[in-house]
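The values are calculated or read from the model by the stated rules, or taken from the named source; none is laboratory data. As the structure is a computational prediction, the values presented were derived from the model and not from experiment. Here the Cβ is made from the backbone with ideal geometry for all residues, glycine too, and neighbour counts use every protein chain on show.
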Amino acid sequence: MQRAKTPGLIHTAGMILTVVIGFFVAVPEASSRNFEEHEIKAAFLYSFAQFIKRVPKNPGSPTTTVNYCTVHEGPVENALKALIAARQARGETRRYTLLADLSGIEQCHFLFQGADSGKSEPIQLSPDESVVTVGDSPGFVANGGIIEFQRQGARVKVHINLEIARAHGIKISSKLLKLATIYSPDDGEKVDD
């Protein structure tokens, strides 16, 4: 069954539906308007916690709180903060942290680095840091990031560097992998899985 394409909305199998439904629930007025690109990216970022699991390198006390971190605040980060705040009011345990520096990176599950932060290269993590790095700068996954948002026409596509994810102990659900484009460092191009 093919869905009609509506400008401003993304239509891709079950994950996108989950993202959009989650956003509708969190922000009641969302169903009556089109989404901006930064809101779509924030909804994706928020929903990744359902499809991505970190394997902690130092399995101390397990945490149930998902922590989203950034080193800069811009439109995506502000939309993510608003989404987290709306969902916290409903009892979800997610947190947003603006890092002054990277010394507290071990508390992060997801680290978003927006193109508007002035840095196009992903933050390089040590092998023992199990943090999902997400960015929207061109070449983010090719330069060592784990997930990159790419705009293609009216859509936002998700690209994943599976090799880097695995090296950092990050397990990505097959549901997300089916919808994403997998980066292949062998030939330097992105390939669909």
If we ask which residues in the stretch 98-120 are touching a Gly at 6+ places or on another chain (Cβ under 8 Å) and within 22 Å of residue 164 (Cβ to Cβ), their number turns out to be 6
Looking only at the stretch 28-62, and only at residues there that are at pLDDT below 90 and among the hydrophobic types (A, V, I, L, M, F, W, C), the one that is nearest to residue 160 (Cα to Cα) | 55
Subset of the stretch 156-181, residues surrounded by fewer than 16 Cβ atoms within 10 Å (Cβ to Cβ), touching a residue at least 24 places away in the same chain (Cβ under 8 Å) and more than 15 Å from residue 49 (Cα to Cα), comes to 167, 178
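Examine the stretch 63-70 for a residue that is farther than 22 Å from residue 173 by Cβ, out of contact with any strand residue (DSSP E or B) (no Cβ under 6 Å at 6 or more places or on another chain) and either modelled with pLDDT under 90 or not small (Gly, Ala, Ser) (or both), and state whether such a residue exists. Write out each step before concluding.
Taking the stretch 63-70 first, the residues farther than 22 Å from residue 173 by Cβ are 70.
Right, trim to out of contact with any strand residue (DSSP E or B) (no Cβ under 6 Å at 6 or more places or on another chain) and you get none.
No, the stretch 63-70 contains no residue that is farther than 22 Å from residue 173 by Cβ, out of contact with any strand residue (DSSP E or B) (no Cβ under 6 Å at 6 or more places or on another chain) and either modelled with pLDDT under 90 or not small (Gly, Ala, Ser) (or both).
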For the stretch 117-130, indicate whether the set of residues that are closer than 17 Å to residue 72 by Cβ, modelled with pLDDT of 85 or more and under 14 Å from the mean Cα position of the chain (by Cα) is non-empty.
-> no
Restrict the check to the stretch 102-113 and report whether at least one residue is part of a loop (DSSP other than H, G, I, E, B) and surrounded by fewer than 21 Cβ atoms within 10 Å (Cβ to Cβ).
-> no
Please list, ordered by first then second residue, the pairs with beta carbon atoms under 7 Å, 6 or more apart or interchain, first in the stretch 69-88 and assigned to a loop (DSSP other than H, G, I, E, B), second of a type in the set (A, V, I, L, M, F, W, C) and buried (at least 16 other Cβ atoms within 10 Å of the Cβ).
-> 71/99
Can you name the condition, by its number, that residue 95 falls short on among (1) touching a Phe, Trp or Tyr at 6+ places or on another chain (Cβ under 8 Å); (2) surrounded by fewer than 18 Cβ atoms within 10 Å (Cβ to Cβ); (3) modelled with pLDDT under 90; (4) of a type outside the set (Asp, Glu)?
-> (3)
